[in-house]
Amino acid sequence: MNEFEVSCRGIVTALFEKCQDRAIRSHLRQLLQDNPDFQMGAMRYLRDLPKRSKVNQELLHLISGLIAEYPCDISDEPFTLGASLAKLSRHPDTNSSGVERRFELLLQLERSSLAQQLHGLVIQAENTQRTNNPVRIDFAKLLYDLHSWDRPEKWVQLSWSRDFWYAKPDEEETGSNDIPD
């Protein structure tokens, strides 16, 4: 794990701990609003996050709001959002074609346009929380991936695509690194 991945895990762990308090969660959800008046109340909860210097403010706000929406504890084994959405698309309480359409749209967007689509998908995943088969999201891996989203080689989008379309049911949370023959 490189230094930035460790930093992302530290930030997400701290945010998860903060989100155990319902009042703080409520404030952090305001970061998903595109309105500075709503966002100001959440700023005080971000000031003491560990090693956030390489994470730009926009990404920090997005991840903070998403974690507040659906606080998943951090996974020992990182997995991509593509793997989580593969599991979501196969969940009995979810419209699989809707998840796939949203995922395809997400892959085409620039990082600055991702917030609304990610928010909607996180809410869909959160709706599985009280079922026998909840869909978890690795927010540390998501933060790490979003940091590199706009790279011209699109390695993040390729990785997510591979994990979404090639996932077998037992691989969905860990993701796959191999493309099947």
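Some points to look at:
- From Gln30, Gln20, residue being of a type in the set (S, T, N, Q) and more than 19 Å from Ile137 (Cβ to Cβ): Gln30
- The range 35-80, residues that are in contact (Cβ under 8 Å) with a residue 60 or more places away in the chain and more than 16 Å from the chain's Cα centre (by Cα): Lys54
- Any hit, the range 61-80, residues being surrounded by 21 or more Cβ atoms within 10 Å (Cβ to Cβ), within 19 Å of Arg162 (Cα to Cα) and not basic (Lys, Arg): yes
- Tally of residues being outside any helix (DSSP H, G or I) and touching a residue at least 12 places away in the same chain (Cβ under 8 Å) across the range 93-141: 13
- Residue selected from the range 60-76 under the condition among the hydrophobic types (A, V, I, L, M, F, W, C) and more than 17 Å from Pro50 (Cα to Cα), by the criterion modelled with the lowest pLDDT: Cys72
- From the options Ser97, Ser112, residue that is closer than 30 Å to Thr131 by Cβ, among the polar types (S, T, N, Q) and in the same structural domain as Ile137 (by TED's automatic domain parsing): Ser97
The values are calculated or read from the model by the stated rules, or taken from the named source; none is laboratory data. Computed from a predicted model, the values in this text were never measured in an experiment. Please note: Cβ atoms are built from the backbone with ideal geometry, for glycine as well, and neighbour counts cover all protein chains shown.
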